[in-house]
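Peer 1: One structure, pasted below without further comment.
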């Protein structure tokens, strides 16, 4: 009896498992389909697409659309391709990500390990920046950037993204540090380490996973942002997203779909790379075994 | 004036006072154990000595210097935490020398100090490992190494053994005691385990409800508990508490109670007779340790006053070295510690020997000692 039950349990589990994987595979394919089509069409000559066969494999393979999107396409006034805007996005996103992650960590440290009267209210107010719709702040922010003399510059965009990133990064680090044993902080205090030394030497080196989370989240958001880029950037500081829009929306000449597809992939590659490189740290338990057995 | 002086130390959180005017003077080289149930204030007191918590009123001084408001790192103390609190990102060696580095000790000196401590604690092979790769006992050693390397005036231990398994706990207990005897350092040690308190300390402070109930050597605490709380908290199995009525007969004082059948029995009180002269008819609680209630052959031959009383055995628990025999006096269960091969079986009527030299009397109202 017991053996029969075990047998049928094995059989059922095999059937369910097959079914499960099948469903997962279907969803994965469904999800990858748009990206697959982009990839396929970015390596076709234009006439193959306009000929009406978008789903077919390319009969003639070419990297010309990729080259054109990068360095030749008409985006702004001049035919520069997307390259300068890609660099704009990089020099905007990297400092903004680093600043917001660093200050999020510092905020999280203070809010959990150096609590003061009203720390919860401060935290609550910081969380506002996670949940207000950004359209609301466009005009006041434009005014502030004007006052700071940062209007239309990459520096201005860095400031905006840094300020609005702090809310989320503080949330991440606060929750991570809340679980960080306070006894470690006390031990370091007795050892003679001060506020910043504890932060640098004890807390930050143990924050690998949450730094990765914050980094991925912030980079994806800032890189993909269109609203702030379209509102606050000048021609020479426009980020990739705005440039891509300009490329695709341009109303002169022939619509070069293959170039558009290649450009869109250029815009997506950095966030994909960040996820692939840093994603593994998500699951690494760097704190394992530091406290208790 | 002691080496470590705690005078009138009080701690309040808002309106709630959790520690009430604690007075303890610790001499140099002493091993003081603060023991008590959870929430008695022992860890708070330790944190106040460490400077991790402010002192609300009163004073704590080390070597005659007031420590009120002095930063933990400037008190020349070292602390071993319950969770060990090893820095997870540093190797064992870095963990041990971190404090020295923070105090600006040059690297060659740090390395020498680390080597000495590692040798003392036999953790040399572990120096380049991370805490995550160590067993519980090894982490415990590293945590002690981190404290020792600083050569502090006072060592503070916050329940350092409670995360270890039973066998390791006993081993480490011996090791800590050895270390104390070898180095002669001043130690304040917090635990809720009364056996740890008895075995390790030179003096014990039994705490409850934010008060120091009794401060004394392990023997004083065990033999002469100041009140019912100390009597029941210290010792395992705990002290037998028999409700009695006092009766003065000439110079002698008797404690009257009943056996398990309800028949009256009378026990001669050996000590404190004078204080009890006026107390005829008053009820009291007679406290007797299990080892002072035994079989006739196992009774202490040097005891001046031994009373023999026959009673029914309810339960016997052979524990190998001893047999614990449960019976009923005055309506409460009493445990007698008998020799392993003592002749006792449940339901049997045997003779119990009361070593009245060791008996103590408590007031049932105030729970304080009568005699």
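We did not get these values from a lab; they are worked out from the coordinates using the rules stated. Predicted, not measured: the structure shown is a model, and the values here were computed from it. Note that each Cβ is placed from the backbone with ideal geometry, even for glycine, and that neighbours are counted across all protein chains shown.
Peer 1: Please work out the FRET efficiency for the pair residue A:147 and residue A:94, using the Cβ-Cβ distance as r and a Förster radius of 41 Å; give the result to the nearest 0.05.
Peer 2: Values: r = 25 Å, r/R0 = 0.62.
Here the calculated transfer efficiency is 0.95.
Peer 1: Please average, across the residues of B:70-77, the number of beta carbons from any other chain that are within 10 Å of each residue's own beta carbon, and give a whole number. Intermediate values should be presented prior to the final figure.
Peer 2: Working: counts 0, 4, 7, 7, 1, 1, 0, 1.
For this peptide, the per-residue mean of nearby foreign Cβ atoms is 3.
Peer 1: Now for a different question. Over the alpha-carbon set of the stretch B:284-359, work out the extent along each principal axis and list the three values in angstrom, largest first.
Peer 2: Per principal axis, max minus min of the Cα coordinates gives 28, 27, 18 Å.
Peer 1: Give the share of C-alpha pairs in each 10 angstrom bin for the stretch B:207-342, from 0 to the last occupied bin, in whole percents, shortest bins first.
Peer 2: The calculated distribution, bin by bin, is 11, 36, 38, 13, 1.
Peer 1: In units of 2.2 N^0.38 Å, what is the alpha-carbon radius of gyration of the stretch B:1-102?
Peer 2: Details: Rg = 15.0 Å, N = 102, 2.2 N^0.38 = 12.8 Å.
The value comes to 1.18.
Peer 1: Let me ask something else. What's the center-to-center distance, using Cα atoms, between the stretch B:257-271 and the stretch B:130-157 in Å?
Peer 2: The stretch B:257-271 and the stretch B:130-157 have Cα centres spaced 53 Å from each other.
Peer 1: Looking at the square roots a ≥ b ≥ c of the eigenvalues of the Cα gyration tensor of chain B, which shape do they give, rounded for a/c under 1.5, prolate if a/b is larger than b/c, or oblate?
Peer 2: Details: a/c = 3.04, a/b = 1.88, b/c = 1.62.
Here chain B falls in the prolate category.
Peer 1: Would you mind checking the tilt of helix B:136-148 against the longest principal axis of the Cα atoms of chain B, expressed as 0 to 90 degrees and rounded to 10?
Peer 2: 70
Peer 1: Could you compute the FRET efficiency for residue A:116 and residue A:72, with r as their C-beta to C-beta distance and R0 at 51 Å, rounded to 0.05? Don't skip to the end; give the middle numbers.
Peer 2: Numbers: r = 57 Å, r/R0 = 1.12.
That pair, residue A:116 with residue A:72, gives E of 0.35.
Peer 1: Can I ask one more? From a point 7 Å beyond the Cα of residue B:366 in the direction of its Cβ, which residues of the stretch B:276-294 have a backbone N at a distance under 15 Å?
Peer 2: Output list for this probe position: B:276-279, B:283-285.
Peer 1: Ordered by packing density, taken as the mean number of other Cβ atoms within 10 Å over each peptide's residues, highest first, how do A:225-236, A:43-54, A:17-28, B:131-142 rank? Intermediate results must be reported in sequence, preceding the final value.
Peer 2: Values: A:225-236: 17.8, A:43-54: 15.6, A:17-28: 10.1, B:131-142: 20.2.
Ranking, from highest mean packing down: B:131-142, A:225-236, A:43-54, A:17-28.
Peer 1: Would you kindly give the portion of the calculated P(r) for chain A that falls above 31 Å, as a percent of all Cα pairs? Provide the component values of the computation, followed by the final result.
Peer 2: Working: 20939 of 42778 pairs.
The proportion of pairs with Cα distances above 31 Å equals 49 percent.
Peer 1: Note down, for the stretch A:152-203, the three equivalent ellipsoid semi-axes (square root of 5 times each alpha carbon gyration tensor eigenvalue), biggest first, whole angstrom. Present the calculation step by step, with values, prior to reporting the outcome.
Peer 2: Numbers: eigenvalues 203, 41, 6 Å².
Three semi-axes, in Å: 32, 14, 5.
Peer 1: How tilted is helix B:92-102 with respect to the longest principal axis of chain B? Cα atoms for both, answer in degrees (0 to 90, nearest 10).
Peer 2: 70
Peer 1: For peptide B:99-105, what's the mean number of Cβ atoms from other chains within 10 Å of each residue's Cβ?
Peer 2: On the way: counts 6, 2, 5, 10, 3, 1, 0.
Mean shielding count: 4.
Peer 1: Rounded, prolate or oblate: which fits the stretch B:120-196, taking a ≥ b ≥ c as square roots of the Cα gyration tensor eigenvalues, rounded meaning a/c under 1.5, else prolate when a/b beats b/c?
Peer 2: Details: a/c = 1.75, a/b = 1.15, b/c = 1.53.
Oblate, because a/c is 1.5 or more while a/b does not exceed b/c.
Peer 1: Given a Förster distance of 25 angstrom, what is the FRET efficiency for residue A:28 paired with residue A:277, based on the Cβ-Cβ distance and rounded to 0.05?
Peer 2: On the way: r = 21 Å, r/R0 = 0.85.
With R0 = 25 Å, the Cβ-Cβ based efficiency is 0.75.
Peer 1: Expressed as an acute angle from 0 to 90° and rounded to the nearest 10, what is the orientation of the C-alpha long axis of helix B:107-121 relative to the principal long axis of chain B?
Peer 2: 30
Peer 1: Quantify how strongly other chains surround peptide A:175-188 by giving the mean number of their Cβ atoms within 10 Å of each of its Cβ atoms. Please report the intermediate quantities before stating the final value.
Peer 2: On the way: counts 0, 0, 0, 0, 0, 1, 5, 3, 9, 7, 2, 10, 17, 7.
Average per residue, whole number: 4.
Peer 1: Cα centroids of the stretch B:59-74 and the stretch B:26-44: how far apart, whole angstrom?
Peer 2: Cα centroid to Cα centroid, the span is 18 Å.
Peer 1: Tell me, Kirkwood radius of the protein assembly as shown from alpha-carbon pair distances, in Å? Mind showing how you got there, number by number?
Peer 2: Details: mean 1/r = 0.0314 Å⁻¹.
One decimal place: 31.9 Å for the Kirkwood radius.
Peer 1: Moving on. Quick one: Debye curve from the alpha-carbon atoms of the stretch B:36-189 only, equal weights, vacuum; give me log10 I(q)/I(0) at q = 0.09, 0.10 Å⁻¹ to two decimals.
Peer 2: Scattering profile of the stretch B:36-189, log10 relative to I(0): -0.29, -0.36.
Peer 1: If you don't mind, another one. Using label points projected 7 Å from each Cα along Cα→Cβ, tell me how many nm separate residue B:177 and residue B:74, to one decimal.
Peer 2: Placing both labels 7 Å along Cα→Cβ, they lie 3.9 nm apart.
Peer 1: Give, in nm to one decimal, the length gained when the segment between residue B:317 and residue B:341 is fully stretched (0.36 nm per residue of separation minus the Cα-Cα distance).
Peer 2: On the way: separation 24, 0.36 × 24 = 8.64 nm, distance 1.17 nm.
The residue B:317-residue B:341 span can extend by a further 7.5 nm.
Peer 1: Between residue B:278 and residue B:166, what length in nm is gained on full extension when 0.36 nm per residue of separation is reduced by their alpha carbon distance?
Peer 2: Between residue B:278 and residue B:166, full extension yields an extra 35.4 nm.
Peer 1: With label points built 7 Å along Cα→Cβ from the Cα atoms of residue B:7 and residue A:127, find their separation and express it in nm.
Peer 2: Each label point is offset 7 Å from its Cα along the Cβ direction, giving 4.9 nm.
Peer 1: While we're here: If you count the DSSP beta bridges with both ends in the stretch B:119-276, what percent of them are antiparallel, to the nearest 5? The partial results should precede the final answer.
Peer 2: Numbers: 16 of 21 bridges.
If we restrict to bridges inside the stretch B:119-276, about 75 percent are antiparallel.
Peer 1: What area, in nm² and to one decimal, does the C-alpha convex hull of the stretch A:142-229 cast on average over all directions?
Peer 2: Working: hull surface 28.7 nm².
The directionally averaged projection comes out at 7.2 nm².
Peer 1: Using label points projected 7 Å from each Cα along Cα→Cβ, tell me how many nm separate residue A:250 and residue A:196, to one decimal.
Peer 2: According to this spin-label approximation, the distance is 4.9 nm.
Peer 1: Note the full-extension length gain between residue B:116 and residue B:56 as 0.36 nm times their separation in residues minus their Cα-Cα distance, in nm to one decimal. Display every interim value, and only then the final one.
Peer 2: Values: separation 60, 0.36 × 60 = 21.60 nm, distance 3.93 nm.
Result: 17.7 nm gained on full extension.
Peer 1: Give the distance, in whole Å, between the Cα centre of the stretch A:175-238 and the Cα centre of the stretch B:171-241.
Peer 2: 46
Peer 1: Among B:164, B:156, B:361, which one moves the most in a GNM of chain B with springs linking Cα atoms closer than 10 Å?
Peer 2: Judging by the Gaussian network model, the answer is B:164.
Peer 1: Whole-Å semi-axes of the stretch A:49-147's equivalent ellipsoid, largest first, each the root of 5 times a Cα gyration tensor eigenvalue?
Peer 2: Those come to 45, 19, 16 Å.
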